[in-house]
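Please read the structure below before turning to the comments.
The values are calculated or read from the model by the stated rules, or taken from the named source; none is laboratory data. Source: prediction; values computed, not measured. Virtual Cβ from ideal backbone geometry, glycine too; neighbours counted across all protein chains shown.
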Amino acid sequence: MTKLKNWSKFKVERLNYSNALKRAFLMLKQQNKYPEDAQYLMEELSGFNYTQLQLHRNEIVPGDIIHKFRDGIVRLGMDEPVQYILGYAYFMDKTFTVNENTLIPRQETEEMVQRIISDHSNKKQSILDIGTGSGIIAINLALTFPGDDILATDISEDALKVAQLNADNYQTNNVFFKQSDLFKEINNERFDVIVSNPPYISLDEKKIMDPSVIKYEPDLALYGDNNGLEFYQDITKVADQYLNIDGSLYMEFGYHQKSEIKQIFDDNMPKYQVKFYKDINGNDRYLKAKKERV
Ligand code: GLN
């Protein structure tokens, strides 16, 4: 507590970039947090990249920036993710509004979206994104394929508000949002692509997770029952009814869930061929299921 007091008493008005960062690093280190978050926060607030910050290190940090920076450092000290502090996160080189009602986009998800993009045919397609959260998957696909019709659902009204904000920001006119618990509100519709990055963490994994995730990211976006498998079970039971004959289902999953998920697909979607893909770290991460042609 005294440390925070020292920081707030500090005459921030007269700090240059170098000293502001030094002070923030020290504070975060003392609290066993991640000092590199301070660097990232300052880069985002100032608009300077790493090299520019070096070049400007002796300049006094402007008042509005240093006040936001100080506030941000205090919040980092309480484990708040830097993306919630900033109010946005990057996904596929674009910024998306995020808040405590939405998962922070992960890099692994970019790889799945990239795969959907490279698999896409020249024809216009209909796409369903289940559990859209901040809308990152749906909006990226909508921007890449302006001729496609994209429906994105989420059980959380609050998440959908964020997704709509992001869609408005990118002025997409081919993505529609609907509140729905999985397929519940989707009647008699079929899609060429269904994609989902569902909550897949089991409750007992909590103990090995970063406090910033546990304390700030929404439980609704993180955890699934049955060891995190609940949504694979529920989606595979009905997905065939919602897919066109040549349709594909893409799902992200946890790095240790491949064999259980393979079993779920064998049981519930036996006519589908399932391909598993690894992420950039070499972990099994997402799958594509497509009906085998007879
Ligand atoms: N589809 C969003 C994402 O991939 C949200 C996923 C979630 O909340 N589980 O980030």
Only one of (1) over 24 Å from residue 276 (Cα atoms); (2) in contact with a Leu (Cβ under 9 Å, 6 or more places away or on another chain) is not met by residue 163, so which one is it? (2)
When the range 147-164 is checked residue by residue, the ones that are within 11 Å of the ligand (Cβ to nearest atom) and outside any helix (DSSP H, G or I) are 152, 153, 154, 155, 156
Go through (1) closer than 16 Å to residue 134 by Cα; (2) polar (S, T, N, Q); (3) away from the ligand (no atom under 14 Å from the Cβ) one by one and return the number of the condition residue 187 breaks. (1)
Of everything in the range 215-271, what is part of a helix (DSSP H, G or I), touching a strand residue (DSSP E or B) at 6+ places or on another chain (Cβ under 6 Å) and within 16 Å of the ligand (Cβ to nearest atom)? Give them in sequence order. 222, 228
Quick one: would you say residue 248 is closer than 26 Å to residue 290 by Cα and either at pLDDT 95 or above or of a type in the set (Gly, Ala, Ser) (or both)? yes
Looking for whichever is of a type in the set (A, V, I, L, M, F, W, C), farther than 29 Å from residue 164 by Cα and touching a helix residue (DSSP H, G or I) at 6+ places or on another chain (Cβ under 7 Å) here; the options are 60, 117. Which one fits? 60
Being assigned to a strand (DSSP E or B) and surrounded by 18 or more Cβ atoms within 10 Å (Cβ to Cβ) is the filter here; which residues of the range 95-137 pass it? 96, 97, 127, 128, 129, 130
